[in-house]
1. What's the total number of residues in the range 397-414 that are in contact with a helix residue (DSSP H, G or I) (Cβ under 9 Å, 6 or more places away or on another chain), farther than 30 Å from residue 638 by Cα and buried (at least 20 other Cβ atoms within 10 Å of the Cβ)?
2. Is it true that residue 202 is surrounded by 16 or more Cβ atoms within 10 Å (Cβ to Cβ), at pLDDT 95 or above and in a loop (DSSP other than H, G, I, E, B)?
3. Got a sec? Which of 366, 281 is exposed (fewer than 15 other Cβ atoms within 10 Å of the Cβ), free of Cβ contacts under 8 Å to residues at least 40 places away in the same chain and within 30 Å of residue 68 (Cα to Cα)?
4. Take residue 653 and decide whether it is in contact with a strand residue (DSSP E or B) (Cβ under 9 Å, 6 or more places away or on another chain), at pLDDT 95 or above, surrounded by fewer than 22 Cβ atoms within 10 Å (Cβ to Cβ) and over 19 Å from residue 428 (Cα atoms).
5. Of the numbered conditions (1) surrounded by fewer than 24 Cβ atoms within 10 Å (Cβ to Cβ); (2) touching a helix residue (DSSP H, G or I) at 6+ places or on another chain (Cβ under 7 Å), residue 603 fails exactly one; give the number of that condition.
6. Right, residue 191: at pLDDT below 95, within 20 Å of residue 256 (Cβ to Cβ), touching a helix residue (DSSP H, G or I) at 6+ places or on another chain (Cβ under 7 Å) and assigned by TED's automatic domain parsing to the domain that holds residue 129 or not?
7. Spot the failing condition for residue 463; the list is (1) surrounded by fewer than 22 Cβ atoms within 10 Å (Cβ to Cβ); (2) more than 43 Å from the chain's Cα centre (by Cα), and only one is missed.
8. All but one of (1) part of a helix (DSSP H, G or I); (2) surrounded by fewer than 24 Cβ atoms within 10 Å (Cβ to Cβ) hold for residue 541; which doesn't?
């Protein structure tokens, strides 16, 4: 017995000695760290990273963009049940301690002395705030000491409520959600005040392991954590034991996937955000709470998205029906119908139950609809039984008259610009941004085909050509220089060409051989110089085939290039942002975001080419698309080899609309696709839809230019001819 007492005494003495050593070491370390501790004063006014507000040109709020999905909620507005759940889970003594759990700190010190490598735990909520915002998360005794000292200080200076407010708005809760408000919407699709105790407990169980306990990916682990928090809440008297058991009996029920932040005008918002990030840096945009006024015209953006989407569906249907999305085995129920593909909204997915002349289809929402023959007439099949089988999963426009749909493989883009300022009024980067965030209007680089010829003709006018200048449209071979061989542009369907024709007619009919001859006469260097002044990025040296549009560019760059023709010769830099301010102070002048630049083309030269582009619409490759169009407008079609790309660029003094249609993998478009038959009708439909908002204005005749009547086929003066713009005899061309 005496030996036992001696052993126990020895252990107590040893433990006391270890404790004293640990305490002494901790005190020494604390004294050493005091001079270098971070200043906690900023936490008095600290707010989490704030979203920037993006506004349209009319001042209406379009979107809030942020690096972290967070909605700041004052502590007074956070429901007590949510606060109680987190206190039970993370720091049940929060209201009683002064920032540090002394026993937990002692355990951490002991681990540090022993050289342990396991994670040091036991932090209070106050310490977590200090770790996340001030001292970092290094796993060391030194960091733990620093954290404890600062925690004591902020408890003294900030108070409990402020600390809770910071914590509950900063804490990461998985699935990209920061703070309790964002997490409530992410997991349950409801605001904080709509949560019950079970849902609050599920959120409170996430801070320890937000990824490992993600309720979507690991529901069993999430349930284990939730039930643990419910037991703690019962022990703390927040809820009674019966309620805790009732909530624990429920399955983990969260939304199937995190609801996307539905950003209206997402294409434009993304482009504006890229512009902001280039100028200010991504961190300022995503965390700085900017107030941004853009150049967006919501009416034009809505119309552009709707028209482009509708036409992509129409064009894709020309390739025929590709079959169902997938096939299910019976029995069929609404719960077995898969979700719609990204970007399919507002179409609905459904499973075919019966087929005959019509088809009976069960939708995901439990409704059953009938697909009549007129709803799939575009497939060329007369009966549903010739097209579908029971178990086929299909997409439907489930309106009053359901119609069969399929996700188009064809893509497209549209840019609408005010050439007077460079302001981008609308931009659409594809069929659906939910399907692909790649912006084909600003980021894609595709061959523009014959729509690029306009700049060759502009260079020709700058050295004295005009619309009546005769051009030989016959086969030509051009020596490209040492080691580069001969270039022989292909002839059109007319074989040997049209012979001697006016330059105006060559542009109207988009003649390849005539365009190549003009490039050869003007000189490759002169054309390349002009293109670079207009802002185009080109290979060096530029190939001769550029006359036919074999260089690659974007619809945005094409719109900017044509803008210089529309506005009388001034180069513009596309502008998405009109102004940006922080706390009411403008942080960059408006000129920093783009806009008008230097004059690079003589106004008379620009007027001559603009008038020639009107001929393309009136008598050329775009005449069918614009038949009966009531307003004066010019434009140019473009089609690349094998019909891989179709373009049309429309111009007027107050607008430029550049549209591209193609496939991302550069496979050919359906047979018959071309700039005139495919892209130009899209622009015509858009302009018809917005005529009351954006009506093309007529081109004027600048000083130094004149009008005259000419025969459109010969270019010679004619009293019965067309009125064209030319250069006054007394005024030479100026570059």
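The values are calculated or read from the model by the stated rules, or taken from the named source; none is laboratory data. These figures come from a predicted structure and were not determined experimentally. Please note: Cβ atoms are built from the backbone with ideal geometry, for glycine as well, and neighbour counts cover all protein chains shown.
1. Here is the first cut: in the range 397-414, the residues in contact with a helix residue (DSSP H, G or I) (Cβ under 9 Å, 6 or more places away or on another chain) are 397, 401-414.
After this cut, where a residue has to be farther than 30 Å from residue 638 by Cα as well, the list is 397, 401-404.
Then drop every residue that is not buried (at least 20 other Cβ atoms within 10 Å of the Cβ), which leaves 402, 404.
Residues flagged as in contact with a helix residue (DSSP H, G or I) (Cβ under 9 Å, 6 or more places away or on another chain), farther than 30 Å from residue 638 by Cα and buried (at least 20 other Cβ atoms within 10 Å of the Cβ) within the range 397-414 amount to 2.
2. Values: surrounded by 16 or more Cβ atoms within 10 Å (Cβ to Cβ): yes; at pLDDT 95 or above: yes; in a loop (DSSP other than H, G, I, E, B): no.
Spelling it out, it is not the case that residue 202 is surrounded by 16 or more Cβ atoms within 10 Å (Cβ to Cβ), at pLDDT 95 or above and in a loop (DSSP other than H, G, I, E, B).
3. On the way: 366 fails: within 30 Å of residue 68 (Cα to Cα).
Only one candidate qualifies: 281.
4. On the way: in contact with a strand residue (DSSP E or B) (Cβ under 9 Å, 6 or more places away or on another chain): no; at pLDDT 95 or above: yes; surrounded by fewer than 22 Cβ atoms within 10 Å (Cβ to Cβ): yes; over 19 Å from residue 428 (Cα atoms): yes.
Judged against the criteria, residue 653 is not a match.
5. Of (1) surrounded by fewer than 24 Cβ atoms within 10 Å (Cβ to Cβ); (2) touching a helix residue (DSSP H, G or I) at 6+ places or on another chain (Cβ under 7 Å), only one is false for residue 603: (2).
6. Working: at pLDDT below 95: yes; within 20 Å of residue 256 (Cβ to Cβ): yes; touching a helix residue (DSSP H, G or I) at 6+ places or on another chain (Cβ under 7 Å): yes; assigned by TED's automatic domain parsing to the domain that holds residue 129: yes.
Here the answer is yes, as residue 191 does meet what is asked.
7. Going through (1) surrounded by fewer than 22 Cβ atoms within 10 Å (Cβ to Cβ); (2) more than 43 Å from the chain's Cα centre (by Cα) one by one, residue 463 breaks only (2).
8. (1)
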